[in-house]
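The values are calculated or read from the model by the stated rules, or taken from the named source; none is laboratory data. Not measured: the values here are computed from a predicted model. All Cβ positions, glycine included, derive from the backbone under ideal geometry; neighbour counts span all protein chains shown. What goes into the accessible areas is simple: the full protein's heavy atoms, side chains included, and nothing from ligands, DNA or RNA. Shrake-Rupley method; radii C 1.70, N 1.55, O 1.52, S 1.80 Å.
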Amino acid sequence: MKNIAVLGSSGSIGQSTLEVARSLPRQFRITALSVNSDIVKLKQQIDEFHPKRVCVVDRRAAAKLKNSLGHSVKVLCGQEGLDELVRDESVHQVMVAITGSAALVPLISAIKSGKEIALANKEALVMAGEIVMGLARERKVLIRPVDSEQSAIWQSLGGQDVASVKQVYLTASGGPLLSLPRSKFKQVTIKKVLQHPRWKMGKKITVDSATLMNKGLELLEAMFLFDLGVEKIKVLIHPEALIHSMVEFNDGVTMAQLSVTDMRIPIQYALVYPQRLPSALAGIDFYRLSKLHFAKPDLGKFPCLRLAYQAARDLGTMPAVLNAANEASVENFLAQKIKFLSIPKIVEKVMQRHSRIARPSLGQIMSADSWAREEVKRLTCILN
Ligand code: MG
């Protein structure tokens, strides 16, 4: 029986992870949970799973929870609490389901403590992929991807050497704006952007799906996870989202991974790898499936994907700058401070103004991240 810590348990992936754990009670014990500030959801999860420790990053929310719980559960708070939670000796596996760059430090702690890692967050890899993967190799920690595309590449690779890979097709549903003409992007509302046709996800990632930045971040994620050059990764629009990505080998054979569009499938595989345990979810009914569609992405309509390809060629601190500028701009869009079309404009300006460092330290990556966020603030003021 494995003891699992779920970081970001109130979010979409966190909750799905708990559903998987609930369906496999003989495999897992949830011993630690963390949230940013949603103590209402955390309280329900504590009542059901009885973890030994929890962490609430927001200190005021942590104090509130402590008062309502008594002594049955240890409540930690802040970044240092998250660190303690991850390092705890009784934890075997850590699900990193925190959104955004906040996942980087706990991820590094988990790798350094030699935990099994299921990684749902993509920003940490995008920012510091070389450092994270270097550390994982050094500690012989296998990072099990949870992102459905990365899980598909991992499964399609099937342990083959990356030198035998000719190219990878990173599939994209195309997001909520795929069929909307570019001329209508000017008036696009938050509500429209948040209506994803295939996946039900958190707000940040749904906006990233609409701009295709999500695919851009996944491009960088795949490069680092599988040690692939940018020229080997092709983004492929596939609106049905049944093929979650494909690997074409040198001999012309393509391996694809297909399953229904539900995050519980890649989550379960990451948690129980290398086993194939039964799932409550149905497989694909190929008798009912008539057609699958594919298309090349339109980089003119979705400039964020073009910018991500640029960052993938530049590397160094550029992916961290792309990520931070995007994260801050998406926040501003969700707070109705900027228009949808301003997201790529601001990200591009910030990238152009950045003096890239080729082989950055973690400290230099963090500085590039804060610099980019300040630049976004400045540009947002100018725009308005
Ligand atoms: Mg994905």
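Remarks
- Structural size metrics of the range 84-200, computed from C-alpha coordinates, are Rg and Dmax of 17.8, 55 Å.
- Calculated from backbone phi, Karplus (6.51, -1.76, 1.60) coupling profile of the range 213-227 in Hz, x at Gly/Pro: 4, 3, 5, x, 5, 5, 4, 5, 4, 5, 4, 6, 4, 10, 6
- The stretch between V253 and E80, if pulled fully straight at 0.36 nm per residue, gains 57.5 nm over its current Cα-Cα span.
- Share of carbon and sulfur in the accessible heavy-atom surface of the range 148-198 [1.4 Å probe, %]: 49 percent
- Simple point charges give the picture: +1 on the Cβ of Lys and Arg, -1 on the Cβ of Asp and Glu, and for the chain a dipole about the Cα centre of about 980 debye.
- Estimated at the nearest 10 Å², the accessible area of C381 is 100 Å² with a 1.4 Å probe.
- Once all protein chains are placed together, I13 keeps about 40 Å² accessible to a 1.4 angstrom probe.
- Spin-label pair L69/K184, simplified geometry with 7 Å Cα→Cβ offset, distance in nm: 4.7 nm
- Gap separating the Cα centres of the range 219-280 and the range 92-153, nearest whole Å: 17 Å
- Average accessible surface for the chain: 46 Å² per residue, computed with a 1.4 Å probe over protein heavy atoms with every protein chain in place.
- T17, T99, ranked by accessible area, largest first (probe 1.4 Å): T99, T17
- The largest-to-smallest principal axis extents of the Cα set in the range 2-145 are 42, 34, 26 Å.
- F224, F294, ranked by accessible area, largest first (probe 1.4 Å): F294, F224
- Note on the range 248-384: Cα-Cα pairs beyond 17 Å make up 71% of the total pair count.
- Taking a sphere under 14 Å around the Cβ of A372 and counting the other residues whose Cβ falls inside, with K and R at +1 and D and E at -1, yields a net charge of -2.
- Candidates A282, A312, A120: whichever shows maximal mean-square fluctuation once the chain is modelled as a Gaussian network with Cα springs under 10 Å: A282
- Net length gained if the chain between S361 and E138 were fully extended (0.36 nm per residue, minus Cα distance): 78.6 nm
- For peptides 124-133, 20-29, 154-163, sequence by mean Cβ density within 10 Å, most packed first: 124-133, 20-29, 154-163
- Geometric descriptor of the range 340-383, per residue, is 69 Å³ (volume of the convex hull of the Cα atoms).
- Amide H partners (placed H, <5 Å) of L194, local residues excluded: none
- Each peptide in 211-223, 351-363 gets a packing score, the mean of other Cβ atoms within 10 Å over its residues, and the list from highest to lowest is 211-223, 351-363.
- Judged by the gyration tensor of its Cα atoms, with axes a ≥ b ≥ c, the range 37-95 is oblate; a/c meets the 1.5 cut and b/c is at least as large as a/b.
- Accessible area of R87 in the full protein assembly, 1.4 Å probe (Å², nearest 10): 120 Å²
- Mean-square fluctuations from a GNM of the chain, with a 10 angstrom spring cutoff on Cα atoms, peak among S209, S101, S183 at S183.
- Cut-off 18 Å, label 7 Å out along Cα→Cβ of S164, residues of the range 246-271 by amide N: 246-257
- Modelled spin-label separation between S113 and R60, with each label point placed 7 Å from Cα along the Cα-to-Cβ direction: 2.9 nm.
- About the Cα centre, charge dipole magnitude for the range 2-145 (Lys/Arg +1, Asp/Glu -1 at Cβ), debye: 280 debye
- Tensor-based shape of the chain (alpha-carbon gyration tensor, a/c under 1.5 rounded, otherwise prolate or oblate): rounded
- Probe 1.4 Å, all protein chains present, accessible-area order of K234, K186, largest first: K186, K234
- Each Lys or Arg adds one and each Asp or Glu subtracts one; over the other residues with Cβ under 9 Å from the Cβ of E331, this totals +1.
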